[in-house]
Amino acid sequence: MIDLLLVNPGAARQNYGALSDGLTAIEPPIWCRIIAGYVRSRGFDVAVADMEASGISLDALGILARDMRPRLAAVVAHGHQPSASTQTMVAALPTAAILESIGIPTILLGGHPSALPERTLRETSARYVCDGEGPITIEALLNRCPEDFVPGLIWRDGEKIVANERARLLDVGTSELEGEAWDLFKLRRYRAHNWQCLGAWPRSPYASIYTSFGCPYRCSFCMINVPFHSNQYRARRPERVVREIEFLYRERGVRTFKIADEMFVLKPSHYLAICEGIAKLGIGEEINIWCYARVDTIREGELDLLRRAGIRWIALGIETADETVRDGANKAIRPRDIVAVVRSIQDHSISVIGNYIFGLPGDNRETMQATLDLAMECRTEFANFYCAQAYPGSALYEKTVAEGRTLPESWSGYSQHSYDSRPLDTEYVSAREVLRFRDGAFQAYYTDDSYLRMLELKFGTEAVREVKAITARPLARNKTSDERPTAEGELAEP
């Protein structure tokens, strides 16, 4: 018998279809690791079942859980990025059901359950839902606290659903978050996004870490702060982050990393200290790190240090070319300023991922075309084309519900790549038009001759062959959402 079984449900097939066969990343589930380390450091026995990495079925999970006999199981519904929590529910719900069916008390947690805690409890067979980060709630359950005294717990008292007071936030600046749990993950099972490894970098072993939690901005389409219920930015101590990266590099053979912070390049005293620490280790040329930034947080004088610290890719939230549509970013930034920032990053031998969104409120055919034109001008080494989705927990979701507008019929419909993907209608274009435009934008970008020439010069002919093969792979769409079948292959989004 063990105290806790943490389960990362496998939703890749439902959300990515055929793209899950080798193209998408498989990341070590960060919150499974955080919870495991926290609980372990308090004397409890923990095991992790990563269904995405291992590929085990629900039946196999049931057999495994019977053998382990955990006192509590936790199904962790987070994704590769915060918004991906909603679409993981297509796997999280049946996973909780199989565990409860064999008599294991189960709690469901993650961004989506925190956004809709009472609805999630009504939809799930799980005994409990957690509203919040999770570690403190799980510790209280393992300590056999009465249900009404467990912070962050959503539970049933007969026919009544009870929502307890939320748990405090973890103090990430102390050792509270530093419990060791990397031994629970076979890092060679995990692989980086294929774009990060263009140019013959190894996709495995692969590690994903947080250096900070939360984001101070309030973009209407974003729900990253939902598990925290706060816009508070909380940073780990830089020396602890550097020590963790060095451990993974020297002891676990990791060369390819993701910094999962919503905004790593944000607070100079934090990220520069981390970069200086990595640079001093002398391993910057031997590692490949990618991270997120905003166009207006990039400072040219710092880019040399970022590159010496092994940062080879920066994902920029460009969103849209139209300042009347742009949300959350500095509206004074003009398209030519965005292009200049991209070129500055590239001039320091750092590749750029441009993130663009079609179908934000106010978008029409002309503004979406302007965004695609900007993407073509930026010509970043990789580009993500998203459709606006009203993710539960976001201000956009609340507005959409209040106005009675149409939302996806299933949780998988929130995925950008799923068969039943259903973005928002705008005041000027329908959801099917937004989806069709997004799919066409992908094809236009990745088949453009100037882009392919740039790719070949930087990464070689093999990279071009890979992209051509991917664009030829069909991406199935529900014809009720998109009247015309779309022939598109997709590189995995970060």
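Since every read-out is calculated from the coordinates, none of them should be taken as a lab result. Because the structure is a prediction, the values reported are computed rather than measured. Note that we place each Cβ from the backbone using ideal geometry, even for glycine, and neighbour counts take in every protein chain shown.
Counted as membrane-span-like here are DSSP H helices of the chain whose alpha-carbon atoms extend 30 Å or more along the helix's own axis and whose Kyte-Doolittle mean is 1.0 or above; there are none.
On full extension, the segment bounded by Arg144 and Ser410 gains 92.2 nm, given 0.36 nm per residue less the C-alpha separation.
List the pairs from Lys186/Lys258; Lys258/Lys280; Lys267/Lys458 whose alpha-carbon separation is above 26 Å, in the order I gave them. Numbers along the way, then the final one.
Working: Lys186/Lys258 17 Å; Lys258/Lys280 20 Å; Lys267/Lys458 30 Å.
Over 26 Å Cα-Cα: Lys267/Lys458.
Can you tell me the FRET efficiency between Ser430 and Arg234 if r is taken as the Cβ-Cβ distance and R0 is 45 Å, rounded to the nearest 0.05?
Working: r = 40 Å, r/R0 = 0.90.
So, using R0 = 45 Å, E works out to roughly 0.65.
Evaluated at q = 0.08, 0.09, 0.17 Å⁻¹, the base-10 log of the normalised Debye intensity for the range 4-163, with identical point scatterers placed on the Cα atoms, takes the values -0.20, -0.26, -0.95.
Using a Förster radius of 45 Å, what is the FRET efficiency between Leu452 and Lys186 based on their Cβ-Cβ separation? Nearest 0.05, please.
Numbers: r = 36 Å, r/R0 = 0.80.
Step by step, r from the Cβ atoms, then E = 0.80.
Among the cysteines of the chain, Cys32, Cys130, Cys145, Cys197, Cys215, Cys275, Cys291, Cys378, Cys387 have no other cysteine beta carbon within less than 4.7 Å of their own.
Here the chain carries DSSP beta bridges of which approximately 20% are antiparallel, counting only pairs with both residues inside.
Could you tell me which GluC sites (Glu not before Pro) in the range 47-123 are loop residues by DSSP with no more than 12 other beta carbons within 10 angstrom of their beta carbon? Sparse-neighbourhood loop GluC sites (Glu not before Pro): none present. Going by neighbour counts of Cβ atoms within 10 Å, the residues His112, His348, His417 line up, fewest first, as His348, His417, His112.
In the range 4-163, what percentage of the DSSP-assigned beta bridges are antiparallel, given to the nearest 5?
Numbers: 6 of 21 bridges.
Once the DSSP bridges in the range 4-163 are tallied, antiparallel ones form about 30 percent.
Basic side chains Lys and Arg get +1 at the Cβ, acidic Asp and Glu get -1 at the Cβ, and with that the dipole of the chain about its Cα centre reaches some 680 debye. Here the Kirkwood formula puts the hydrodynamic radius of the chain at 23.1 Å, using every distinct Cα pair. In this rough spin-label picture, where each label sits 7 Å from Cα along the Cβ direction, the Lys160-Glu300 distance is 6.4 nm.
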